[in-house]
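Asker: A single structure is presented below for examination.
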Amino acid sequence: MSASAVTPIHGRDGDLVSLCIATDPKHLEDLLEALSRASFPINPQLWHRATSVTVEFPAWESNVEELKTLLTLNGFDSAELCVRPALATFEAAG
């Protein structure tokens with residue numbers, strides 16, 4: 001199923017989306033600390049590679065701007081945050 005064929009899951013805070021961001025292993029703790037400051041719970045799934053770690057988690061569409069702000073305030077590039085429909089897969093994350 002392609003990302004365009006995914007039916008969105010909709011709630012009062014918008015559509016449910018899957019977010020991912022990659023970092024190098026030495027900055028993983030800083031990234032997780034930044035995400036822990038969100039006003040909502042984040043339960044990340046980590047994908048470890050030799051030179052990077054991809055952090056993936058669901059959130060509501062209305063939370064994306066808050067996350068981008070948190071990333072920027074903590075020294076990460078918010079443009080690196082990938083946003084996809086919740087049931088879509090990330091083809092080449094990280």
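What follows is calculated from the coordinates using simple rules that are stated; it is not laboratory data. None of these values were measured; they are calculated from a predicted model. No Cβ is skipped: glycine too gets one built from the backbone with ideal geometry, and neighbour counts run over all protein chains shown.
Asker: Arrange the peptides 23-34, 38-49 so that the one whose residues have, on average, the most other Cβ atoms within 10 Å appears first.
Answerer: 23-34, 38-49
Asker: Between Leu28 and Ala79, what is 0.36 nm times their sequence separation minus the Cα-Cα distance? Round to one decimal in nm.
Answerer: Fully extending the segment from Leu28 to Ala79 adds 16.6 nm.
Asker: Determine ³J(HN,Hα), in whole Hz, for all residues of segment 52-60 in sequence, where each value follows from phi through the Karplus function 6.51 cos²θ - 1.76 cosθ + 1.60 and θ = phi - 60°; x replaces Gly and Pro.
Answerer: Values per residue, Gly and Pro as x: 7, 10, 9, 10, 10, 6, x, 7, 7 Hz.
Asker: Which ordering of Leu19, Leu81 is given by a fewest-first count of other beta-carbon atoms within 10 Å?
Answerer: Leu81, Leu19
Asker: Follow-up. Restricted to Cα positions, what overall size does segment 18-85 have along the principal axes? Three whole-Å values, descending.
Answerer: Here the Cα extents, ordered largest to smallest, are 33, 25, 21 Å.
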